[in-house]
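Take a look at the structure below.
The values are calculated or read from the model by the stated rules, or taken from the named source; none is laboratory data. All values derive from a computational prediction rather than experimental measurement. Glycine also receives a Cβ, built like all others from the backbone with ideal geometry; neighbour counts cover every protein chain displayed.
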């Protein structure tokens, strides 16, 4: 009497699936867990894995689910710098406001495999807002002003010894973080405006908007106007990019 053959294929498949599931769960715990030396060494690989097709807003889950829609808005001046500085009275031509986030989300709709390149403005917004919130009222008023001459927004090079003498370490860290994110927002806004208006873009202005989502209790009778909060970046010179960056963006 012959012995029944052991079906090895299902066992191999189950083992492979189990290993993949274990690896995914482990990677998720590492990605969402606290900063450690091990996480720092794995971060590049984790970013490639989670910030591609698996990218998602982790605030979807408790304890901090989304309670507002977030939008990045940009407009540009497409005249010579002197005319832009003089405003409409000097013949400056300004574009309409472009809701960059709304435009990006059109390509995400019904596309479960859309990755982070389809929602760059939301990522910038999500990082910029808390950095701007840590500024003092005086500093926030400064960044909302126009700085079109290329001088430092805060009046001093934030990486100079003068800045270290002017600000304490905590303040300086906040300002440096903010400046990096402002530059990122202005750079992204520049690329979007150049996509439509080309090299005529001289200055860009950026606004970040948070618009409250109606509560569950208001689902059947939402308010006609939702409450809004704004963070503004005044007029800044358009960022300069080399041909490789422009080609990659296009």
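Report the residue count in region 99-111 for those that are buried (at least 17 other Cβ atoms within 10 Å of the Cβ) and over 14 Å from residue 189 (Cβ atoms).
Residues meeting the conditions: 1.
Looking at (1) within 22 Å of residue 123 (Cβ to Cβ); (2) touching a residue at least 60 places away in the same chain (Cβ under 8 Å); (3) over 18 Å from the mean Cα position of the chain (by Cα), which is the only condition residue 206 fails?
Just one mismatch for residue 206, condition (3).
Would it be correct to say that residue 66 is assigned by TED's automatic domain parsing to the domain that holds residue 196, at pLDDT below 70 and either surrounded by 17 or more Cβ atoms within 10 Å (Cβ to Cβ) or more than 18 Å from residue 238 (Cβ to Cβ) (or both)?
yes
For residue 96, indicate whether it is over 18 Å from residue 177 (Cα atoms), exposed (fewer than 13 other Cβ atoms within 10 Å of the Cβ) and modelled with pLDDT of 95 or more.
In short, yes.
Out of all the residues in region 150-168, is one or more more than 23 Å from residue 130 (Cβ to Cβ), assigned by TED's automatic domain parsing to the domain that holds residue 241 and touching a residue at least 60 places away in the same chain (Cβ under 8 Å)?
Yes.
Show the residue pairs meeting these rules: Cβ distance below 8 Å; 6+ apart or different chains; first residue within region 33-49 and assigned by TED's automatic domain parsing to the domain that holds residue 23; second residue not in a helix (DSSP H, G or I).
Every condition considered, the pairs that remain are 39/33.
Quick one: count up the residues across region 180-229 that are modelled with pLDDT under 85 and within 19 Å of residue 119 (Cβ to Cβ).
Counting residues in region 180-229 that are modelled with pLDDT under 85 and within 19 Å of residue 119 (Cβ to Cβ) gives 1.
Identify the residue in region 31-52 that is part of a loop (DSSP other than H, G, I, E, B) and surrounded by 12 or more Cβ atoms within 10 Å (Cβ to Cβ) and, among all such residues, is modelled with the highest pLDDT.
Checked region 31-52; the qualifying residue modelled with the highest pLDDT is 51.
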